[in-house]
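K.L.:
I'd like to ask some things about the structure below.
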Amino acid sequence: MVAVFNKELLSWYLITLKLRETVESGIVNSPSTDRSVQFPEEQTHRHLQNHQQRAAPPSDALRVVINEDSHENCSEEVPKSPESEWVISIKEKLNQARQDDAAGSWARLSIYRIPHYLREGDDKAYVPQIVSLGPYHHGKKRLRQMDRHKWRSLHQILKRTDQDVKIYLDEMKELEEKARECYEGPILMSSSEFVEMLVLDGCFVLELFQGVAGGFKQLGYPRNDPVFAMRGSMHSIQRDMVMLENQLPLFVLDRLLELQLGKSHHRGLVAKLALTFFDPLMPTDEPLPTSNRDKLEESLGDHATVFDPLSEKGCLHCLDVFRRSLLRTGPQPTPRVWMKRWSHGNRVADKRRQQLIHCVSELREAGIKFKRRKTDRFWDIKFENGILRIPRLLIHDGTRSLFLNLIAFEQCHLDCTNDITSYVVFMDNLINSPEDVGHLHYFGIIEHWLGSDAEVADLFNRLCQEVVFDMNDSYLSRLSEDINRYYNHRWNAWRASLKHNYFNNPWAIISVVAAVVLLLLTFAQTFYAVYGYYWPRS
């Protein structure tokens, strides 16, 4: 019994001693208390008191003292509450936002990631399938096969120019910061990796450009080269290289070409090489009329062989070069008068007001005729005297990806017009069914290599599903107004209905003429019968 009592007493003593040490340690660490130093006599007295009260749990008064001391200690030593950590994280994010605004990180932004609302269901149209350029798709497993050919191109350049690779690395090192600012979001690549990527991808692009323009054999590649030859895979490479997420800044390509040539080249050479390389992707094969070609040659002078998109303003990347070559001088939008009068300068595009005109079938019922306009500028649409003249549009398996990336660039880049988007929306309004595509194909306006007219109709109907633009800033807004005004005129619809129902073929014309003659004869017979009845001959 004594042993049991002593064991219980010892347990209570140890618990009380441990509790006392915890409280005292908090008091010692607290800078705001004067009880940080205790004499041995005080500690002995406290131990005796704890020994006398060992058989009972701590009293309420002792609990209050312990709680107060514990609260005082927690305010100094316990980690911060979740609420304070939450406030700190918000302040850190605001500080980062302030740094982004102060740095002006959006000034050179030109190579964007495709917004998720545009890429839903069409991811393949925006993601390269063979070759990656730039940091967005760098290092992806299915694109690594082309890396060895990139190294081959770099080796061939160094061998042909008898240069050291360090020259290229040093030049790209100077452009690293400027090049990083062209891409959206943080690029999680080290400095050496980013510079290596610029040299490797840039030299690969330039080898393709020069090979297509002057021949790969002259660059030192064999005739049966798996990449650097005019094979079927070249079309897929061209389609990958025109994607928005797969771009390199044009100033990077300019600097690399300067290093290869050993001297400063004239302005716009890379852009001209890019136009030659991407020519098979053009959505039209209509030759430029002779009169317009002469005017263009006179305006370009010595550089008349290739259109120079850099004559007014520097381009950003190859997709921008290609877009400017499509627009050439570029259509100028004509805002509607009433919209300029009643609206403010800054307007939000309204998705409900993107229906510019009616479809082909409805316009034909209103008497509007369709004819092909002979020009290589596929966007240059005219309407006059009830005739809608549309240039020829060539549609192939790469047209969808091409238009989607051009539209995405116009949607993302602020200093960019919406001319391609306006054209695609206009054609989307015209085409609602395979019958509409059939009519345009019959008039020579649409030529396609797809399986059926239904696929063409589906292509246009899906191109602008999530695209929003201001139709009043469209270069086709005035033309659309003229078409709708003609469509809403009742006499035009009646005349078209008469022609469609009674004068659509020779036999119908003969039947109408015979019916009119019979009606006139019947009217004459009736007239003479009535006249003879009331006024008989004497």
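No lab work stands behind these numbers, since they all come straight from the coordinates. This is a predicted model, so every value here is computed, not measured. In this analysis, Cβ positions are derived from the backbone assuming ideal geometry, glycine residues included, and neighbour counts consider all displayed protein chains.
K.L.:
Under a point spin-label approximation (7 Å from Cα along Cα-to-Cβ), what is the Gln99-Asp123 distance to one decimal in nm?
P.N.:
Each label point lies 7 Å from its Cα, and together they span 3.2 nm.
K.L.:
Then there's this: Could you give P(r) for the range 116-284, binned at 10 Å from zero, as whole percent values over all Cα-Cα pairs?
P.N.:
9, 39, 38, 12, 1
K.L.:
If R₀ is 51 angstrom, what is the calculated FRET efficiency for the pair Glu85 and Arg148, using the beta carbon separation as r and rounding to 0.05? Mind showing how you got there, number by number?
P.N.:
Working: r = 49 Å, r/R0 = 0.96.
Calculated value: 0.55.
K.L.:
While we're on this one: Be a star and scan the range 412-442 for residues whose amide nitrogen sits under 17 Å from the point 7 Å along the Cα-to-Cβ vector of Arg372.
P.N.:
Label zone hits: 437-442.
K.L.:
Further, regarding this structure: What is the gain in length, in nm to one decimal, between Glu435 and Leu414 on full extension, counting 0.36 nm per residue of separation less the C-alpha to C-alpha distance?
P.N.:
Details: separation 21, 0.36 × 21 = 7.56 nm, distance 3.71 nm.
Here the segment from Glu435 to Leu414 would lengthen by 3.8 nm.
K.L.:
Which entries in the list Lys150/Lys374; Lys91/Lys124; Lys173/Lys263; Lys140/Lys173; Lys173/Lys272; Lys272/Lys369 go over 30 Å, if you measure between the two C-alpha atoms of each?
P.N.:
On the way: Lys150/Lys374 41 Å; Lys91/Lys124 39 Å; Lys173/Lys263 20 Å; Lys140/Lys173 24 Å; Lys173/Lys272 26 Å; Lys272/Lys369 38 Å.
Table pairs above 30 Å Cα-Cα are Lys150/Lys374; Lys91/Lys124; Lys272/Lys369.
K.L.:
Given the Cα-Cα distance of Lys140 and Glu362 and 0.36 nm per residue of separation, how much length would full extension add, in nm?
P.N.:
Numbers: separation 222, 0.36 × 222 = 79.92 nm, distance 4.87 nm.
Value of the extension gain: 75.1 nm.
K.L.:
Could you tell me the calculated FRET efficiency between Ser192 and Trp12, based on Cβ-Cβ distance and R0 = 45 angstrom, to the nearest 0.05? List each step's numbers first, then the result.
P.N.:
Details: r = 67 Å, r/R0 = 1.49.
Using R0 = 45 Å, I get an efficiency of 0.10.
K.L.:
Once the piece of chain linking Leu450 and Glu177 is laid out straight, how much longer is it, given 0.36 nm per residue of separation minus the C-alpha distance between them?
P.N.:
Working: separation 273, 0.36 × 273 = 98.28 nm, distance 4.40 nm.
Using 0.36 nm per residue and subtracting the Cα-Cα distance, I get 93.9 nm.
K.L.:
Could you pull out every residue, at least 5 positions away or on a different chain, whose amide H is within less than 5 Å of the one on Arg373? Hs are placed 1.01 Å off N in the peptide plane, and Pro or chain starts have none.
P.N.:
Ile390, Arg392
K.L.:
From a point 7 Å beyond the Cα of His489 in the direction of its Cβ, which residues of the range 419-434 have a backbone N at a distance under 11 Å?
P.N.:
No residue passes the distance filter.
K.L.:
Which value in nm describes the separation of the simple spin-label points at Ser236 and Asp482, placed 7 Å from the Cα toward the beta carbon?
P.N.:
The answer from the label model is 4.6 nm.
K.L.:
If r is the Cβ-Cβ distance from Val165 to Asp458 and R0 is 45 Å, what FRET efficiency results, to the nearest 0.05?
P.N.:
Numbers: r = 49 Å, r/R0 = 1.08.
The calculated FRET efficiency here is 0.40.
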